[in-house]
Each structure stands twice: as structure tokens, then as C-alpha cells.
Amino acid sequence: MKQVIVKTVALGSLLTFGISTAQDKPKVVLDNFFNNEKKENKETKALEPWHYTWNDTSNGGFSLLGGIFQKQGAEISTLTTAPSKRDLKKANLYIIVDPDTDKEAYGGKANLMDAGSIRNLVDWVKKGGVLVLMSNDNGNSEFEHFNQLAGEFGIHFNDDSYNRVQKREFEQGKVMVPAGNEVFSVQKLYMKEISSMDVKAPAKAILTAEGKNIGAIAKVGRGTVFALGDPWCYNEYIDGKKLPADFTNAQGTEEWVKWLLKQVDKK
């Protein structure tokens, strides 16, 4: 199949990064609407998106995660508006991370999950879309409106905080993955300050911490939903520089990405 190189471009609100080749490449879209934090570039003084974005190479960025998706053959992009039906037709996998509160959002006014977006996302999942929902803990994420979406799949993020780590007491942030987990091999992951969740059908819990459910998956129609109470795979915890060697977040992230891409509806 002929390969075509496409430079980074902006098409409406959909910003595409990297190289696009075959038409069958999985399209992974990261939300930058419900999470819309910005900071000033020290050199240019311009305001730029940051925190859980593909091009953020700081500790809180997703640049390494984006690289893992690309390594596995996916095309990554960013959506800067609420997801329309047209936008979602261009996506196989859509990721929402740490929806803003007003204090976090650019301009002091958060873009809250709304009925139209919920309807579009539920329909898209039923038709085969793969949806990733990652919250944060109490005081660091918007819960009320985000839960209106999560609740459509049997998931409710609780406005609480578990695995609270004191300074460099990393063991306080351990999440042990037992044998037989659907997504991860047996390993020790690091996740700190996590929102727990209530889970009911069609969702099922897949990870726990301090005896509380923190991760879940749901099969809805032809699609899949993966939910976690922490944005656990940002640069700081998968670059191999900070965590003790027995934590396997980099390995876990690669396993997770492979699993997500396997869920993409090939029909």
C-alpha cells in the first residue's frame, strides 16, 4: 500500500500530528476541550496547551504515550472542540483525561460535559468506538458532568482520593495487578491520588487500590469503554527516571495501548 507523508496540519478543530500512511491506521484522538489547560511559553510568551497533551514533553505531558501509540501503528491527533458526530467519524479511539474545574480551565470557565456530547459519544461507542475516560482525584477533576457520561456505561467516579503518597514513599502508590487481568500482565503499577469508582453492568472492575475499584471496562454494542481514576501514564511515571525499578508503568502503558488498539472495530 502506498505511503503518503502528511505534515502537521490543522483541519478545523482536529489537529493531526506525525505521519499518516495507510487508510487502515487506527485514529487515536485526544480531547483538548474538556481538559483545556494553558500556560505561557517562557520564550515566546504565547499561551500554549499543556498537561496531558501529545506535544507536552514536561512531566505532566503525554508525549511519551503518544510515541507508544505511534510505535504501535496508530495516528494521533487532538480535538479542541466538543466531539461532534462528524469529528467522531474520524476517530477509532477517543481519550478524555482529567476534565477541568473552573480553577484549572483557561479563562477560568471550564468546558463541561454536555448532553449533546454524551449522546454523540454513546452512539459512537455502540457503533464500535473505543472510549477512554481517565479522571483524577478530589479537588483535581470535574466529577458531576463527567459522571453523566461515565454513568451511561455503568461507571461512576467518586469524588475522593486513595493511594495518597507522602513525599517519596512510593510504596503508598502501588497497584498490584493479579494474574488473569484482561488488560495487564502480573505487575506492580504506580498510581497516586486516585478517584475510586462504583461499577455496575455493563461495566466490570479490573483494578483495585486500598480495597476500592479504580479501573473498569465496559462492552457496549460493538464498542469498548476503559475507565481509570487517574491519568497514570504521563511522562513523569513512564520515563524510567523517578520511580523505583520494581514499578512497571512503562511496560504497563505499552500493554494497555496494545489492548486498546485491539479493541478497535475492524468491521
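The values are calculated or read from the model by the stated rules, or taken from the named source; none is laboratory data. Computed from a predicted structure; not experimentally measured. Neighbour counts run over all protein chains shown; Cβ positions are idealised from the backbone, glycine included. Areas reflect the complete protein model, heavy atoms only, side chains present, ligands, DNA and RNA absent. Shrake-Rupley method; radii C 1.70, N 1.55, O 1.52, S 1.80 Å.
A few remarks follow.
- When the stretch 95-112 is filtered for residues that are under 21 Å from SER161 (Cβ atoms) and aliphatic (A, V, I, L, M), the ones remaining, listed by number, are ILE96, VAL97, ALA105, ALA110.
- Pairing residues of the stretch 24-44 that are open to solvent by less than 10 Å² (accessible area, probe 1.4 Å) with residues that are among the small types (Gly, Ala, Ser), at Cβ distances under 7 Å and at least 6 apart in sequence or on separate chains, gives VAL28/ALA74; VAL29/SER77; VAL29/ALA91.
- Within the stretch 77-112, the set of residues being within 18 Å of TYR52 (Cβ to Cβ), aliphatic (A, V, I, L, M) and touching a strand residue (DSSP E or B) at 6+ places or on another chain (Cβ under 8 Å) comprises LEU79, ALA91, LEU93, ILE95, ILE96, VAL97.
- When GLY151 is tested against the conditions (1) more than 17 Å from GLY221 (Cα to Cα); (2) out of contact with any strand residue (DSSP E or B) (no Cβ under 9 Å at 6 or more places or on another chain), the lone failure is (1).
- Residues in the stretch 186-241 that are open to solvent by 10 Å² or more (accessible area, probe 1.4 Å) and in contact with a Pro (Cβ under 7 Å, 6 or more places away or on another chain): VAL186, LYS219, VAL220.
- Residue match in the stretch 161-173 (condition: surrounded by 23 or more Cβ atoms within 10 Å (Cβ to Cβ), at pLDDT below 95 and outside any helix (DSSP H, G or I)): no
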